[in-house]
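Trainee: Following this message is one structure expressed as structure tokens.
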Amino acid sequence: MRTFVLAMVAAMAATSATAMDLPVPGLALNTDVVAQHKVDAEATTLTITPELEFTPSDGPLTLTADTTFNVWDNTNSFTLEDEFDHMPTINFGASYMAMENVELELGTSYDLEAKERGEITATATFSF
């Protein structure tokens with residue numbers, strides 16, 4: 001339980017202050033720190049996902065690229081150094097607000113280790 005509390009404190013320390021606008025208009029670096037505890041499996045993990053986001057001219061289109069790093073788990077403890085033993089998988093996405101309540105999204109990934117593109121996913125979301 002102590003490790004779960006430590007992971008939650010680390011996640012709560014990563015607030016919106018970790019997001020920052022870069023000197024290029026429309027370009028932002030966002031970072032998510034996620035602590036997760038699975039009660040039945042008794043497993044705790046901590047991941048960091050840095051995301052580069054570009055919104056040209058404050059328009060309805062947003063382009064993103066991100067990757068996830070495993071930082072800690074309760075079986076191997078601190079695991080961030082293991083992330084540098086292999087090439088990452090980079091996720092790419094595009095989101096377009098067609099209307100105020102209709103969002104169109106396109107996403108894929110590229111595994112730099114296997115040199116393969118992941119599945120392309122197209123999503124339309126209608127919100128009401």
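Computed from the coordinates by the stated procedures, all read-outs in this text should not be read as laboratory data. Predicted model, so just to flag it, every value in this text is computed and none were measured. With ideal geometry, Cβ positions are generated from the backbone for all residues, glycine too; neighbour counts draw on all protein chains shown.
Trainee: What FRET efficiency comes out for D82 versus S57 if R0 is 35 angstrom and r is the Cβ-Cβ distance? Round to the nearest 0.05.
Mentor: Working: r = 40 Å, r/R0 = 1.16.
Between D82 and S57 the formula returns 0.30.
Trainee: Multiply the residue separation of L106 and N74 by 0.36 nm, subtract the distance between their alpha-carbon atoms, and state the gained length in nm to one decimal.
Mentor: Details: separation 32, 0.36 × 32 = 11.52 nm, distance 3.45 nm.
Stretched out fully, the L106 to N74 stretch lengthens by 8.1 nm.
Trainee: Quick one: if you stick a label point 7 Å off each Cα along the C-beta vector at M99 and K38, how many nm between them?
Mentor: Distance between label points: 4.1 nm.
Trainee: With θ taken as phi - 60° and the coefficients 6.51, -1.76 and 1.60, list the Karplus ³J(HN,Hα) couplings across the stretch 92-105 in order, rounded to whole Hz; mark glycine and proline as x.
Mentor: Here the 3J(HN,Hα) series is 10, x, 9, 10, 10, 7, 5, 9, 4, 10, 10, 10, 10, 10 Hz.
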